Amino acid sequence: MRDLRGDRSGCVVNQDPNTNVCYPRTVVPTLTGTHDPGIHWVATAVTAASADHDEQWDRPPVLTTSGDTAVVTDAAGETILRCDADAPGPLDAFTV
């Protein structure tokens, strides 16, 4: 899990014992950060990885903004997600 804006940090949150009956000692990967009151856009990339290595993280997705448009591209530069002025919430304060 990666924060594409770079203003949140990753941590693992331990769950109470037996929260999951199949796996009694579960954890939840989490991104934490502090935001002032108001509307905020957050962008997160997540992949299911093995314990050894995940090649997708060698070249993670990239978030760029221009005016009222935010775009997430993959390692090859292909657009994965595009949010423009028609997206819910204001994009005018959305910066990288």
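Since every read-out is calculated from the coordinates, none of them should be taken as a lab result. Model, not experiment: these values are computed from the prediction.
Provide the per-residue ³J(HN,Hα) series for segment 69-80, in order, calculated from phi with Karplus coefficients 6.51, -1.76, 1.60 and θ = phi - 60°, each as a whole number of Hz, with x at glycine and proline positions. Couplings: 10, 10, 10, 10, 10, 8, 4, 8, x, 7, 6, 9 Hz.
Averaging the sequence gap over all C-alpha pairs within less than 8 Å and six or more residues apart, then dividing by the number of residues, gives the chain a relative contact order of 23 percent. Dividing the Cα radius of gyration of the chain by its Kirkwood radius returns 1.04 for Rg/Rh.
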